[in-house]
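Written out below as structure tokens is the structure these notes cover.
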Ligand code: URA
């Protein structure tokens, strides 16, 4: 069953229930959706979810001269951003987040899942030096066990990140629970919460392997 309302035990989880988001997520689920369209949709959804995740950014009024008159109009108030992509599926969403904020810095976290323990092992980390001065948007389309997401956010915090948000497209309740326990201070913006994780830690019904579907590697 795909949840259509947020379950109670997940404070700090924001469900982006916009009809266009839900429509695009359904197209991603379809096993017949070709690689090119899948990749494009993940990017578009990156824009739409990040749009909600940055809704509280402050603005300030500046003077502007239109062709008709002088006016005061809002601009972003010096908020600096860093998108942290959880490789490799996160890269697809990150392209979308960057559409919203093209000058954002990009950090990379490389983790792979140990096939036996299912625990994340770190193989690559690269972050901008001033993480403490940036709003950090961590991106991974699939919040499955929550282990990689939680490990990535631990790393961001260790390297100075303070104002952190997590954006994903599909989440399993198990992963959300673990993530909320480890990072109650980090809000999660999600497209849909699916039914459960299967024995191979895939989100059901999900989309299968998001990385493979973005890059056409299967
Ligand atoms: N990663 C994926 O790509 N898909 C899942 O269902 C879970 C983790």
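Between residue 198 and residue 36, the simple spin-label model (points 7 angstrom out along Cα→Cβ) gives 2.9 nm. In terms of its C-alpha gyration tensor, region 132-217 comes out prolate, because a/c is 1.5 or above and the ratio a/b outweighs b/c. Relative to the longest principal axis of the Cα atoms of the chain, the long axis of helix 89-100 lies at roughly 10 degrees. Computed FRET efficiency, Cβ-Cβ of residue 75 and residue 47, R0 22 Å: what is it to the nearest 0.05? In this case the efficiency is close to 0.70. Each stretch of four or more DSSP H residues adds -39500 (n - 2.57); spread over every residue of the chain, this sum gives -10000 deg cm²/dmol at 222 nm. Region 101-146 has equivalent-ellipsoid semi-axes of 25, 13, 8 Å, by the square roots of 5 times the alpha carbon gyration tensor eigenvalues, sorted largest first. Taking every DSSP bridge with both residues inside region 1-118, close to 55 percent are antiparallel.
Give the separation of the Cα centroids, region 51-130 to region 157-174, in Å. Comparing the Cα centres of region 51-130 and region 157-174, I get a distance of 12 Å. Looking at the chain alone, DSSP beta bridges between its own residues are antiparallel in about 35 percent of cases. Mean projected area of the Cα convex hull of the chain, taken over all directions, amounts to 13.6 nm². The C-alpha atoms of the chain define a longest principal axis, and helix 173-182 lies at about 60 degrees to it.
Remark: relative contact order (region 13-215) = 23 percent; criterion is Cα-Cα distance under 8 angstrom and separation of 6 or more residues.
Would you mind checking the tilt of helix 19-29 against the longest principal axis of the Cα atoms of the chain, expressed as 0 to 90 degrees and rounded to 10? Around 30 degrees separate the two axes.
Quick note: the coordinates plus some simple rules give every number you see, no bench work behind them. None of these values were measured; they are calculated from a predicted model. Cβ coordinates were reconstructed from backbone atoms using ideal geometry, including for glycine residues, and neighbour counts include every protein chain displayed.
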